[in-house]
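The values are calculated or read from the model by the stated rules, or taken from the named source; none is laboratory data. Model, not experiment: these values are computed from the prediction. Note: ideal-geometry Cβ built from the backbone for every residue, glycine included; neighbour counts use all protein chains shown. Ligands, DNA and RNA are stripped out before the accessible areas are found, and what is left, the full protein with its side chains, is counted by its heavy atoms. Shrake-Rupley method; radii C 1.70, N 1.55, O 1.52, S 1.80 Å.
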Amino acid sequence: MPGQFFPETPAPASAFGTGPAAALLDALPEPTCVVDGSGTLIAVNRAWIDSCLARGGDLSRAGVGSNHLDVCGEPGRQVATGLRAVLDGAQPSFVHAYPCHAPDASGWGSVHVHTLPGGGALVRHVDTTAQVQSLRALERAEQHDPLTDLLNRRQLTNRLGLALASAEPYSRTAVAVLGLDRFTRVNECLGHDAGDELLRAVAHRLAGGLLPGDVLARGDGDEFTLLRPRCAPGQDAVQIGEDLARRLQEPFRTATTSVSLTASTGVAVGQAPQTAEDLLAHADDARIDARRGGGGRTRAWSPQLRPRSIARLRQEEEVREGLDRGEFALHYQPVVDLRSRRVTGVEALVRWEHPDGLRMPAAFIPHAEQSGAIVPLGKWVLREACRQGAAWSRSGLQLDVAVNFSARQITHPDVITGLSEALTTTGMSAERLLVEVTESTLVEDTELAREAFAAIRALGARTAIDDFGTGYGSLLYLKRYPVSVLKVDRQFVAGLGSRKDDEAIVASVVSLARSVGAVCIAEGVETLEQYAALRRMGCESGQGYLLGRPVPSAQLPLSIVDCERLLADHEATTSPQAVPAAAVAVVRDLLAEGASLQTIAAALNRQGLRSTTGTRWHKASVARVVSTLRREHPVPGSYGAGRAAG
Ligand code: C2E
Ligand code: MG
Ligand code: MG
């Protein structure tokens, strides 16, 4: 605001006469004045006068006739220097931002000086308090964890980098990573609001024990990190972690209960040329080791843990190199609508065409997940699947595309931005995308995953719980996560037709899905018996080797044709009315003679008796007629399993 720069010499306040120039000046919302070539104010606008009065300024010393170059205070001198440069023609304009202090509040302003044709200048004082405040709030939000107001892990990594770079020789820097043990259980039992409250209380306690120079940050979920830029000589690393964890010893009291917490803490101590990432990875490894030992303990990183860190870094690097070399590919497995018997979607499954041979997901996804390489890999998978989905759609093949997301991906802060970016850049429609997360991932039930599920649905895409039935507490997830699809794990589908308990499980998952407004996809459909049982149960969709194996995109159209033909054929041959009576008679006669399926098929084809789909007879279609006949007229001792296979 202008008050600070007003000259000391008294001058009468005045407006710019009454002409259009004055009206124009008065229309400007910011305090504005016009100065002549010597810096003397020759006009001020209404806002200038109002602002001066509001700030208790003296118009006789700040109005027309005073000189803008007669200033007091440091920011004022800088403005005067800029104004002088503009008036001397050395530069056409000048902008300067400055803090200013009104009697009741602090603020920020900026002065804008522009040359006027014919000499002199226009000086505007703009109040930028609101912009500066929101920028500062943004800066704070970028650096702090919103829940605890501690620094976030990224900021801590930056500070750790600085600490390592600026440490004196022989001085050592320590990092301790503390993870609360079984915190998901606390969340489950007390609810997430109480869990958040507890995390704030933990942050408060840990912060209470800091030494001068220490920095405390919150990482993901229940993880806190302490940075001690300079360790005391001879300081024992384990001691640093134990001191930190000891602050949690007293139980935490909430309004209704008291909670005892333990933590697993890992500590690493080092110095340059180690990087911040190295030291944090070491502390993390030590924490994992502490947790593996049962929790409630502290471990210092030691070279014995080293191979794991190095192996992990190497794995991450390898995946990144593989991505750079374009070694990853997606295969697509058809998903069939069991009611219409049409392929309505695919699941994208990643393959690594490694120079040493093809690698299946089980060989690299768990490592990628552990090392963090899953994030760039998952990003590639998502984008490639969306690109392919959009390309099929443009060519008239409308398919839903399912993409698997790992735990790290679904809880990554950028998951939703990444998703919408993939959809927009590829032109894939959101309704066609299904995001699959395995049930075991959701066992590590976190607020982040739940928010991601809700946001995915808000984008218009769908969510699926994969391998349903293999985790525990499945019903809990259904209540908590907005789910569009349940994928029944293939171990239950495998038992259809032979195991009564599996049939009961699958049937109840089908009705469970329905009761929460979701649909069911049965995984691992390998036989026609399983397929028929799923249809009888009203399961909406199925996927499995019977219906099509995962294939590269170029082979998918053919795979779809094969799948739909197989199902149409099955439909035709299992419905007795659909098989021509003459064919049924031939099958029955030859069956009585003990002929093989191959022989019966050949006889039917020789006699020109076609199946209703118009295709030639083969072993499988004869076998279906045989089994229908057997169901209708059981013949003791007829057609054993061995023959049926032949
Ligand atoms: P999933 O998502 O449950 O995928 C189904 C797996 O079962 C696939 O194995 C598929 O090839 C296999 N499968 C399909 N039908 C049958 C069948 O009839 N019988 C049998 N025995 N198996 C069948 P795959 O491709 O080896 O993938 C294994 C797992 O790796 C996937 O299980 C998924 O959890 C994970 N995965 C695959 N691609 C990705 C990916 O891009 N990202 C992530 N995060 N995970 C992926
Ligand atoms: Mg899947
Ligand atoms: Mg699965």
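Using the scaling law 2.2 N^0.38 Å as the reference, what is the normalised Cα Rg of segment 433-592? Before the final figure, lay out each step's value.
Numbers: Rg = 19.0 Å, N = 160, 2.2 N^0.38 = 15.1 Å.
This ratio for segment 433-592 stands at 1.25.
Can you give the log10 of the normalised intensity I(q)/I(0) at q = 0.14 Å⁻¹, computed with Debye over equal Cα scatterers of segment 238-290? Log10 of I(q)/I(0), two decimals: -0.49.
Show log10 I(q)/I(0) for segment 354-397 at q = 0.16, 0.18, 0.19 Å⁻¹, two decimals, from a solvent-free Debye sum over equal Cα scatterers. Debye intensities relative to I(0), on a log10 scale: -0.58, -0.67, -0.71. Would you mind checking the tilt of helix 276-292 against the longest principal axis of the Cα atoms of the chain, expressed as 0 to 90 degrees and rounded to 10? The two axes meet at around 50 degrees. Using all alpha carbons of segment 313-445, what is the percent of pairwise distances in each 5 Å bin, ordered from the shortest bin to the longest? For segment 313-445, the pair-distance distribution reads 2, 10, 19, 22, 20, 15, 8, 3, 1, 0. The three principal axes of the C-alpha atoms in segment 77-188 carry coordinate ranges of 75, 44, 26 Å, sorted with the longest axis first. Principal-axis analysis of the Cα atoms of the chain puts helix 556-574 at an angle of about 40° to the longest axis. With Rh defined as the Kirkwood radius, the inverse of the mean 1/r over Cα pairs, the Rg/Rh of segment 203-296 is 0.98. Normalised size of segment 395-449, defined as Cα radius of gyration per 2.2 N^0.38 Å with N residues, equals 1.27.
Given all pairs of different Cα atoms, what value in angstroms does the Kirkwood hydrodynamic radius of segment 300-391 take?
Working: mean 1/r = 0.0667 Å⁻¹.
Final number for the Kirkwood radius of segment 300-391 is 15.0 Å.
Using a cut-off of under 17 Å, list every residue of segment 529-569 whose amide N is near the label point 7 Å from the Cα of S498 along the Cα-to-beta-carbon line. Residues passing the 17 Å test: 529-534, 545-546.
For segment 29-146, just run the numbers: alpha carbon Rg, then divide by 2.2 N^0.38 Å, N being how many residues it has. All intermediate terms of the calculation are to be shown ahead of the outcome.
Numbers: Rg = 15.9 Å, N = 118, 2.2 N^0.38 = 13.5 Å.
Compactness ratio reported: 1.18.
Each principal axis of the Cα cloud of the chain was taken in turn, and the coordinate range along them, longest first, works out to 126, 72, 54 Å. D278 exposes around 50 Å² of accessible area when a 1.4 Å probe is run over every protein chain in place. Translational diffusion coefficient of segment 263-324 at 4 °C, 1.567 mPa s, Stokes-Einstein with Kirkwood Rh over Cα pairs, in µm²/s as a whole number. Rounded, D is 105 µm²/s.
Would you please report the Å³ per residue occupied by the convex hull of the alpha carbon atoms in segment 113-173? Walk me through the numbers before you get to the answer.
Working: hull volume 9.7 nm³, N = 61.
Here the figure is 159 Å³ per residue.
Given the peptides 588-600, 336-348, 250-262, arrange them by the average over their residues of other C-beta atoms within 10 Å, most packed first. Provide the component values of the computation, followed by the final result.
On the way: 588-600: 15.6, 336-348: 19.9, 250-262: 11.8.
Order by mean packing, descending: 336-348, 588-600, 250-262.
Pairwise inverse Cα distances across segment 141-301, averaged and inverted, put the Kirkwood hydrodynamic radius at 15.8 Å. For segment 448-543, the Kirkwood radius over C-alpha pairs fed into Stokes-Einstein at 25 °C and 0.890 mPa s yields D = 181 µm² per second. Volume per residue for segment 325-561 equals 126 cubic angstrom (convex hull of Cα atoms).
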